[in-house]
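Take a look at the structure below.
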Amino acid sequence: MPENIKGYTGKQLRISLNDKSYKTEKIDTQVLKDYLGGVGYAAKILYEELNKGIDPLSPDNKIIFATGPLTSYRVPGGGSIEICFKSPLTKGWGEARCGGNFGPDMKKAGYDFLIIEDKATEPVYLLIDDNRILFKDASHLLRKTVSEKTRMIREELEDNDISIMCIGIAGENLVNIATVMFEGRAAGRCGGGAVMGSKNLVAVAVKGSGKIVAENPDDYNIALKELRNVVKNSEIAKGFREFGTMGDMAGNDAAGDWPTKNWQANNWGKGEELFDYYSKHNFIKNEMCYKGCPIACGRIASVKEGKFKTPAHDGAEYESLSAFTAFVFNKNMDAAIHSSYLCDEYGIDTISAGAVIAFAMECYENGLISKKYIEGLDLSWGNADLLPVLVEKISKREGIGDILADGVLKAAKKIGKKAEKFAIHCKGLEGPAHDSRSGKALAVTYGTANRGMCHIHPLEGMAYDSGKFDFGMIPYGVPDPNTVDRWDEKGKGKIVKILQDGLIMPDVLGVCKFFMYAGVTLEQYARLLSSFTGWNLEGKDLVRIGERTNNLQRLFNTREGFSKKDDSIPDRAKQRPLFGAYQDEDRCIIKNYEGMLKEYYEARGWDTETGIPTKEKLMELELDE
């Protein structure tokens, strides 16, 4: 029988939508010790409970809302929720993190994990209020924006503080790049919104009154104070607070870390100009994504007047605004702000939306898109007026938007001809606003990340070799980044393996990854977790759990048919830029990606011919069953 677990609620809530039933299940302590929580525990559940080859948009898929042991208002960065599922976009492992109050409030309600199964016969939303679980009619919420849904549910429940995660119109229309939203914050990537939509689940509302008790309260408070002092004294944290993620735009452009014009170049020279305009005309103030965040990197922004007039909203992130400027060669920041806002209101991933529009523009330029789909639209590069139009069409699956709604991989196959050349993705997930030619560790992370071409799950590779962040990982075998050239290739495979195993831990523990940028280390997290649970953990134990998690997610993908061929990266992400400051820089060209990949497989203990974890590695990680 599971024992009483300190530091956790020790319970998961399993929802069956088809018959509107639920049950509370105790969680085995040993399983938590092996996986801790977040994407680790979710990987175990999905690997064990999903059958090979299921349709991600069928009732057979499951969606898990996963907290971690450090998901808490008290923990710096503890306002996190991880949503995990089989992705309709990639047909493989899907995960998306969202900052906000939802994760801490779900734990206060008494649940570490929420597992949602089957499909409702009509649209519903779920209310979780401690041990009161209700299935509420949601038919009146259909075709409403995210902010309208959130407001209407709060009015209906007469509770302005209840935490709500919901889908937008895109999720209802099963758009493969649909998000799950917490107010203006997105669990953005891999199409989790489409999975919810396929289940007729429009929203989940949660509140709770419980408390999680630490095993050793005095030690826990000491460890908490240590983390808070790190953040308080961190220049990186101060930079995030003052400039948000948008503060990276000019520097990334200069460093060749800004994919431009559908990855034709890695630099545009417009980053500083666009950031200055945003700072003077759009930025209002910074914002916390959850109650009490000591960094508060969120941005409140608006467009005060003109055809792109946009209300003040929580948004204006680097990735989102890069997707609607550099990706599509658009110099109009107001249009980018407006388009990003519409993505959040309709519930689609800003990164993938900008990427599919850039893909469409290049296909249009090369005469690949049939006139019957264009409907008189001008898909020329830099057409600011087009951007919000296509965001709406994608969300509603109208005209060309119906093709783009499936993501670049499927869209390229449908368009045919040489369209696949212009589809920038790994494993079906569109590339974000960081360029592998800026620091070659990123090339390996893009190719091997289990959810696809992702810069942040498990880590931003270029932040190590180009940005010179060590993330406190030197004690675990990572060389000092100041001794590593960003354009070197030898050694990057081994380095990325270690970094992935360490940097996946925020996604397991239920904290924001930015706090490791600010200087919080795995040893400090281990001390906090040990005092919370009573378990005796060190940083090296967390690295091992990270390795186990990465391998289990890899096994999930292997079972779905993924192999070495799916660890490739787009040719453009390796080749000489066609224009910009780096067009004559030979060092940024990735010359031997296969060599880096082989080195990575060897470090992982995987078969170098197939990319599949060996039996010996699985036995070492206690995954052999």
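The values are calculated or read from the model by the stated rules, or taken from the named source; none is laboratory data. Computed from a predicted structure; not experimentally measured. Neighbour counts are summed over all protein chains in view; Cβ atoms, including those assigned to glycine, are modelled from backbone coordinates with ideal geometry. Heavy atoms of the whole protein, side chains included, go into the accessibility calculation; ligands, DNA and RNA do not. Shrake-Rupley method; radii C 1.70, N 1.55, O 1.52, S 1.80 Å.
Pairs of lysines in region 498-604 whose Cα atoms sit within less than 21 Å of one another amount to 9, provided the residues are eight or more positions apart or on different chains. For region 430-620, the spread of Cα coordinates along the three principal axes comes to 56, 37, 27 Å, biggest extent given first.
What are the semi-axes of the equivalent ellipsoid of the chain, taken as the square roots of 5 times the eigenvalues of the Cα gyration tensor, listed largest first and rounded to whole Å? Walk me through the numbers on the way to the answer.
Working: eigenvalues 220, 172, 118 Å².
Equivalent-ellipsoid dimensions as semi-axes: 33, 29, 24 Å.
Taken per residue, the accessible surface of region 11-207 reaches 30 Å², heavy atoms only and a 1.4 Å probe. Calculate log10 I(q)/I(0) of region 275-336 for q = 0.19, 0.28 Å⁻¹, where I(q) comes from the Debye formula with a single equal point scatterer on each Cα and nothing for solvent. For region 275-336 at q = 0.19, 0.28 Å⁻¹, log10 I(q)/I(0) is -0.71, -1.24. Relative contact order of region 200-323: 20 percent, from C-alpha pairs under 8 Å at least 6 residues apart in sequence. Dividing the Cα radius of gyration by the Kirkwood radius, what Rg/Rh value follows for region 1-75? Checking Rg against Rh, the ratio lands at 0.99. Counting only other residues whose beta carbon sits under 13 Å from that of LYS307, what net charge do I get with K and R as +1, D and E as -1? Result for the local shell: -1. Just tell me which lysines come within less than 16 Å, Cα to Cα, of LYS270; anything on the same chain fewer than 8 places away is out. Output for LYS270: LYS261, LYS280, LYS331. Seen from a random direction on average, the alpha-carbon convex hull of region 11-207 projects onto 9.9 square nanometres. Each DSSP beta bridge with both residues in region 11-207 is either parallel or antiparallel, and the antiparallel ones are about 75%. Other residues whose C-beta falls under 12 angstrom from the C-beta of ARG576 contribute a net charge of +1, scoring Lys and Arg +1 and Asp and Glu -1. Taking only the Cα atoms of region 217-307, the radius of gyration and Dmax are 17.4, 57 Å.
P(r) for region 272-376, from all Cα pairs and a bin width of 5 Å, is 2, 12, 20, 21, 18, 12, 7, 4, 2, 1, 0 %, short bins first.
Under the Kirkwood approximation applied to all pairs of distinct alpha-carbon atoms, what is the hydrodynamic radius of region 337-470 in Å?
On the way: mean 1/r = 0.0642 Å⁻¹.
Kirkwood hydrodynamic radius for region 337-470: 15.6 Å.
Cross-link partners of LYS149 among lysines, defined as those whose alpha carbon lies under 18 angstrom from its own and excluding same-chain residues fewer than eight positions apart: LYS136, LYS199, LYS207, LYS396. What a 1.4 Å probe finds exposed on region 368-506 is 49% carbon and sulfur by accessible area, rounded to a whole percent. In sequence order, region 499-510 has phi-based couplings of 4, 4, 5, x, 7, 6, 5, x, 6, 8, 7, x Hz under the Karplus curve 6.51 cos²θ - 1.76 cosθ + 1.60, θ = phi - 60°, and Gly or Pro positions carry x.
Sequence gap at least 6, Cα distance under 8 Å: using those rules, report the relative contact order of region 436-522 to the nearest whole percent. Walk me through the numbers on the way to the answer.
Details: 116 pairs, mean separation 27.8, N = 87.
Reported relative contact order: 32 percent.
What shape does region 523-621 take by its C-alpha gyration tensor, where a ≥ b ≥ c are the square roots of the eigenvalues and a/c under 1.5 counts as rounded, a/b above b/c as prolate, and the rest as oblate? It comes out oblate by the Cα gyration axes.
Can you tell me the mean projection area, over all orientations, of the convex hull of region 1-127's alpha carbons? Units nm², please.
Taking the Cα atoms of region 1-127, their convex hull projects to 8.2 nm² on average.
Name the long-range amide H neighbours of GLY298: under 5 Å, sequence gap of 5 or more, or other chain; modelled H, no Pro or chain starts. When sequence neighbours closer than 5 places are left aside, the close amide H contacts are GLU287, CYS289. Can you bin region 119-248 into rounded, prolate or oblate? Criterion: square roots of the alpha carbon gyration tensor eigenvalues sorted a ≥ b ≥ c, rounded for a/c under 1.5, prolate for a/b above b/c, oblate for the rest. Note, shape of region 119-248 comes out oblate. Per residue of the chain, the DSSP helices (runs of n ≥ 4 H) give a summed -39500 (n - 2.57) that works out to -11000 deg cm²/dmol at 222 nm.
If R0 equals 22 Å, the separation of the Cβ atoms of LYS371 and LYS307 corresponds to a calculated FRET efficiency of about 0.25.
In the full protein context, region 430-620 carries 33 Å² of accessible surface per residue, based on a 1.4 Å probe and ignoring ligands, DNA and RNA.
All Cα-Cα distances of region 456-531, cut into 10 Å bins from zero to the largest, leave 18, 56, 22, 4, 0 percent in each bin in turn.
Per the Debye formula on identical point scatterers at the alpha carbon atoms of region 80-176, with no solvent, log10 I(q)/I(0) at q = 0.16, 0.20 Å⁻¹ is -0.80, -1.31.
Using C-alpha pairs under 8 Å with a sequence gap of at least 6, the mean separation divided by the residue count of region 11-207 gives a relative contact order of 23 percent.
Listed values for region 512-528 are Karplus-derived 3J(HN,Hα) couplings in whole Hz (6.51 cos²θ - 1.76 cosθ + 1.60, θ = phi - 60°), namely 6, 5, 4, 6, 6, 5, 6, x, 5, 10, 5, 4, 5, 5, 5, 5, 5, and x replaces Gly and Pro.
Suppose we take every Cα in region 568-625 and form the convex hull; what volume per residue is that in Å³? Walk me through the numbers on the way to the answer.
Details: hull volume 5.8 nm³, N = 58.
Once divided by residue count, the hull of region 568-625 is 100 Å³.
With q set to 0.10, 0.15, 0.18 Å⁻¹, the log10 of I(q)/I(0) for region 246-423, from the Debye formula over equal scatterers at the Cα positions, is -0.38, -0.82, -1.13. Rounded to the nearest 0.05, what FRET efficiency do LYS225 and LYS418 have when you use their Cβ-Cβ distance and R0 = 51 Å? The computed FRET efficiency comes out at 0.30.
The phi-based Karplus calculation (6.51 cos²θ - 1.76 cosθ + 1.60; θ = phi - 60°) puts the 3J(HN,Hα) values of region 194-204 at 5, 5, 4, x, 5, 9, 6, 9, 8, 7, 10 Hz, whole numbers, x for Gly and Pro.
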